[in-house]
Amino acid sequence: MAGILTYALHDDEGNFNKNSLGAISEAAKLAGQIGGEAGVMVVGDIADDACAALGNWGATKVYRAKDVPEGLAQPVIDAMAKVIQDEGFSYALFGGGLLGFEIGAGLTARLNAGVTMEVTEVKVQDGKLVAERPILQDSQIADVGYVSEPGIIIGRLNAFDANESGGTAEVIDVQVELSPWSTKAKMVQRGEQRGADVDIEGADILVAGGRGLGKAEGFELAEELAKAFGGNSAVAATRAVVDAGWYPYAAQIGQTGKTVAPKLYLAAGISGAIQHKVGMQSSENIVAINKDANAPIFEFSDLGIVGDLNKIVPKLTEAIKAKKGG
Ligand SMILES: Cc1cc2nc3c(=O)[nH]c(=O)nc-3n(C[C@H](O)[C@H](O)[C@H](O)COP(=O)(O)OP(=O)(O)OC[C@H]3O[C@@H](n4cnc5c(N)ncnc54)[C@H](O)[C@@H]3O)c2cc1C
């Protein structure tokens, strides 16, 4: 079967993650073109109805491993490797995010497969999938095909849109024998750190603060600005400041943090190091405030403001409040 298997991450209440739903929609679209199934792996004791409802995003079959814990990569790798091998899936596709990257990479090693990461589009050529991956700081696109099966495709966060198409998926229970190493780590509690009740990955507007904010209290400026924007806005941070304890790790953008793609990303006092850039470069509009006109962030900003953020950010906050009528 030339199918595509995806993975649907869920929270403790059984709500599926938006990024996973995007991967399912993408897999469904592509599976139709290569004449295969769009399968989804779900771990944990998720109700029949909730699993079947993934058909609304195009899934045809949902493989549920009830006894496999959610939130840890190795057990999910065991489950997906089994389903890929037993059912003969040709590809596994992930929507990005930290766990998607870890599971995708682990699956690649386990199945001795080929992998493409940071994929922004997938197309079909001669009945096979070809992944498009931006390279050379996003100035070029490389087409990556697969010489053997399965092929692993890991998208950039939010690269794939979740489209509701209607429909119900068949739910199939699978028994998975966990590898000895997969039981070494146990999930004690799932949750986010302080400040992460704001979902930076899902926010439309992000005000990101860096070392230029001067101290932990400097984040109040960023928070005030985000509040003035209102709606689906949140505050994010660089690694330098989370390492310094100025803001929670859960808000960190970048290579060792989260990948974001908001409609507006506003950087206050951020230099624009490559490790930060890789986490936010897909933002639709990038605005940077920095007192150093030569700061690297201006090289990839749509709008750059050179000046002291302590003067500019409060004025911007006031201006937005005034525009919104208070
Ligand atoms: C393996 C590895 C992984 C990493 N992963 C990440 C990651 O995931 N995410 C991440 O962000 N970083 C990461 N880093 C760190 C990264 O290299 C940078 O050190 C970090 O991003 C810098 O943070 P910053 O921009 O806040 O600080 P700085 O580089 O110190 O920049 C502060 C900026 O603020 C400006 N500024 C100062 N005062 C003002 C003012 N009053 N008004 C306006 N502007 C002002 C300065 O001109 C400067 O440009 C990683 C590094 C390594 C080695």
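Throughout, read-outs are computed from the coordinates displayed, never taken from laboratory work. Since this is a predicted model, take the numbers as computed values, not measurements. Heads up, the Cβs are rebuilt from the backbone with ideal geometry, glycines too, and the neighbour counts pull from every protein chain shown.
What are the lysines whose alpha-carbon lies under 27 Å from the alpha-carbon of K321, with same-chain residues fewer than 8 places away excluded?
Reachable lysines: K215, K227, K263, K291, K311.
Based on DSSP, what percent of beta bridges with both residues in the chain are antiparallel, to the nearest 5? Before the final figure, lay out each step's value.
On the way: 11 of 56 bridges.
Antiparallel: roughly 20 percent of the beta bridges in the chain.
Calculated from DSSP H runs of 4 or more alone, at -39500 (n - 2.57) each and per residue, what is the 222 nm mean residue ellipticity of the chain, nearest 500?
Values: 8 runs with 86 residues, N = 326.
Counting only the DSSP helices, I get -8000 deg cm²/dmol.
Along the three principal axes, how long is the chain when you take its alpha carbons, biggest first, rounded to the nearest angstrom?
For the chain, the Cα spread along each principal axis is 61, 42, 39 Å.
Excluding same-chain residues fewer than 8 positions from K82, which lysines have a Cα within less than 20 Å of its Cα?
Within reach: K61, K66, K184.
Normalise the Cα radius of gyration of the stretch 102-231 by 2.2 N^0.38 Å (N = residues in it) and let me know the number. Walk me through the intermediate numbers first.
Working: Rg = 20.7 Å, N = 130, 2.2 N^0.38 = 14.0 Å.
Rg over 2.2 N^0.38 Å, computed on Cα atoms: 1.48.
Counting Lys +1, Arg +1, Asp -1, Glu -1, what net charge surrounds L5 among other residues with beta carbon under 10 Å of its beta carbon? Spell out each step's value before the answer.
Values: positive: K61; negative: E37, E87.
With Lys, Arg at +1 and Asp, Glu at -1, the net is -1.
Restricting to Cα atoms and excluding each atom paired with itself, what does the Kirkwood estimate give for the stretch 31-89 in Å? All intermediate terms of the calculation are to be shown ahead of the outcome.
On the way: mean 1/r = 0.0825 Å⁻¹.
Value: 12.1 Å, from the Cα pair sum.
Enumerate the amide H contacts of I200 below 5 Å, restricted to partners 5 or more residues apart or on another chain; note that Pro and chain-start residues carry no placed amide H.
none
Under a straight-distance cross-link criterion of Cα-Cα below 16 Å, which aspartates and glutamates are reachable from K277, leaving out those fewer than 8 residues away in the same chain?
Counting by Cα, and skipping residues close in sequence, K277 has these aspartates and glutamates nearby: E118, D138, E201, E299, D302.
Modelling each spin label as a point 7 Å along the Cα-to-Cβ direction, I'd like the A273/V147 distance in nm, to one decimal.
Going by the 7 Å Cα→Cβ label model, 3.7 nm.
Mind giving me the nanometre distance, one decimal, between the label points for A322 and K184, set 7 Å out from Cα along Cα→Cβ?
Between A322 and K184, the label points sit 6.0 nm apart.
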